[in-house]
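Here the structure comes first, spelled out in structure tokens, and everything after it is commentary.
The values are calculated or read from the model by the stated rules, or taken from the named source; none is laboratory data. Just so we're clear, the structure is a prediction, and the values are computed from it rather than from any experiment. Neighbour counts run over all protein chains shown; Cβ positions are idealised from the backbone, glycine included. In case anyone asks, the SASA skips ligands and DNA or RNA and just uses the protein heavy atoms, side chains included. Shrake-Rupley method; radii C 1.70, N 1.55, O 1.52, S 1.80 Å.
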Amino acid sequence: MRRVLLAVTLALLVSIAGCSGLGGETADPSSDDETQLENGSTLESEDPTTNAMDTNQSVQIEANESVAGSEFESLSVSYPRENFTVDSAQHDEIVLGVDTNGDGAVDRSFNETHISGVNNNDYSFSIELDTDYTLEAGDVIVTEYPAVDNPAEQGEYTVEVTLNEAQTATGTVTITDTETA
């Protein structure tokens with residue numbers, strides 16, 4: 001079921017952002033609930049409205065030369081400290097995969113047996129992995145994290161995504177007013 005959800009989510013993201021977003025070029029985001037990050041990476045919230053609770057966050061980051069040749073070991077996402085709340089998630093609630101050829105389909109999936117730890121604090125989460133998968137430049141890491149609470153105020157917020165503690169991308173998430181969404 002999670003693989004089907006991951007494939008559908010990835011297909012939706014590709015149809016919204018266009019294939020160029022996965023190929024390393026930055027495309028303009030086409031909806032308020034998806035944010036284009038640097039280097040063709042994206043962040044999508046299932047509910048981008050104010051005060052939304054336990055939203056599922058889909059994150060994609062394209063591996064670059066700084067992580068190429070290293071094992072896929074970690075992914076971290078940090079939200080503005082004063083605005084978002086990140087709750088804990090069980091290993092089996094997290095979806096992980098890699099699109100290895102840029103076609104928009106997940107070619108390698110990882111499950112809870114590959115997750116060695118999930119750490120969170122009030123504003124970030126970090127997933128530690130034991131995958132035996134070697135990253136290549138151009139691989140797109142796809143992750144879904146199910147427990148992020150949105151801020152009470154609408155606006156644009158900077159989010160940071162880090163792959164293997166060596167590659168970082170930042171972007172702006174737009175949170176809309178519940179009344180106007």
Counting just the residues of the stretch 163-181 that are open to solvent by less than 20 Å² (accessible area, probe 1.4 Å) and at pLDDT 95 or above, which one comes out farthest from Ile61 (Cα to Cα)? Gln167
Listed by range, strands (runs of 3 or more DSSP E) wholly within the stretch 68-112 having at least 3 residues that are within 13 Å of the chain's Cα centre (by Cα) are 74-78, 95-99
Of residues in the stretch 113-128 being among the hydrophobic types (A, V, I, L, M, F, W, C) and under 15 Å from the mean Cα position of the chain (by Cα), the one nearest to Asp54 (Cα to Cα): Phe125
Residue identified as open to solvent by 60 Å² or more (accessible area, probe 1.4 Å), of a type in the set (Gly, Ala, Ser) and under 16 Å from Thr143 (Cβ atoms) among Ser109, Ser88: Ser88
Based on what the data block shows, is Ser126 assigned to a strand (DSSP E or B), open to solvent by 60 Å² or more (accessible area, probe 1.4 Å) and within 16 Å of Phe72 (Cβ to Cβ)? no
Confirm whether Leu135 is closer than 21 Å to Asn56 by Cβ, open to solvent by less than 20 Å² (accessible area, probe 1.4 Å) and at pLDDT 95 or above. no
Considering only the stretch 82-125, state which residues are farther than 29 Å from Pro151 by Cβ and in contact with a Lys or Arg (Cβ under 9 Å, 6 or more places away or on another chain). Val98, Asp99, Thr100, Val106, Ser109, Asn111
Selection status of Ala147, open to solvent by 10 Å² or more (accessible area, probe 1.4 Å) and either in contact (Cβ under 8 Å) with a residue 40 or more places away in the chain or out of contact with any strand residue (DSSP E or B) (no Cβ under 6 Å at 6 or more places or on another chain) (or both): no
